Amino acid sequence: MASPRGAVYVIRCLATGEVYVGSTCNLAERWAAHRARLRAGTHVNEQLQAAWDAYGEAAFEFGIVEEIGDPRELRRAEARHGAWRTGRRARPQ
């Protein structure tokens with residue numbers, strides 16, 4: 001059996017360069033949940049929601065910043081990349 005894996009991901013606003021950073025063991029499910037909340041106008045991150053409302057869904061991309069072999073390390077890895085960065089690209093460290 002393969003070991004569980006996780007990833008730190010970003011949701012990037014292409015218009016501003018701002019990024020939202022998160023982590024998960026299921027990227028497809030997590031991205032779908034973010035999109036659903038953003039489309040409904042109910043995302044918990046007010047800055048991300050405001051950018052989504054201002055620039056529209058087409059101005060956003062979802063990408064992996066860092067793959068994590070041990071899911072117990074996800075929160076620590078996410079913290080290395082920050083939660084919301086203005087005009088900077090999140091990069092693996």
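The values are calculated or read from the model by the stated rules, or taken from the named source; none is laboratory data. Computed from a predicted structure; not experimentally measured. Glycine gets a Cβ as well: all are built from the backbone with ideal geometry, and neighbour counts include every protein chain shown.
Selection of the stretch 20-58 for residues being in contact with a Leu (Cβ under 6 Å, 6 or more places away or on another chain) and not in a helix (DSSP H, G or I) yields TYR20, SER23. Selection over the stretch 51-67 of residues that are under 15 Å from the mean Cα position of the chain (by Cα) and over 20 Å from ASN26 (Cβ atoms) gives a count of 4.
Selection of the stretch 1-49 for residues being in contact (Cβ under 8 Å) with a residue 24 or more places away in the chain and out of contact with any strand residue (DSSP E or B) (no Cβ under 8 Å at 6 or more places or on another chain) yields SER3, PRO4, ALA15, THR16, GLY17. Taken over the stretch 68-81, the criterion of being surrounded by 12 or more Cβ atoms within 10 Å (Cβ to Cβ) and not in a helix (DSSP H, G or I) is satisfied by ILE68, ASP70. Can you spot a residue in the stretch 43-52 that is of a type in the set (S, T, N, Q) and within 23 Å of ASP70 (Cβ to Cβ)? No: the stretch 43-52 contains no residue that is of a type in the set (S, T, N, Q) and within 23 Å of ASP70 (Cβ to Cβ).
Cβ-Cβ distances below 8 Å connect the following pairs, each with a first residue in the stretch 70-82 that is closer than 15 Å to ARG5 by Cβ, a second residue that is of a type in the set (Lys, Arg) and at pLDDT 80 or above, and a separation of six or more residues or different chains: PRO71/ARG5.
A single entry from GLY17, GLY63 fulfils the requirement of being part of a loop (DSSP other than H, G, I, E, B) and either at positive phi or at pLDDT 80 or above (or both): GLY17.
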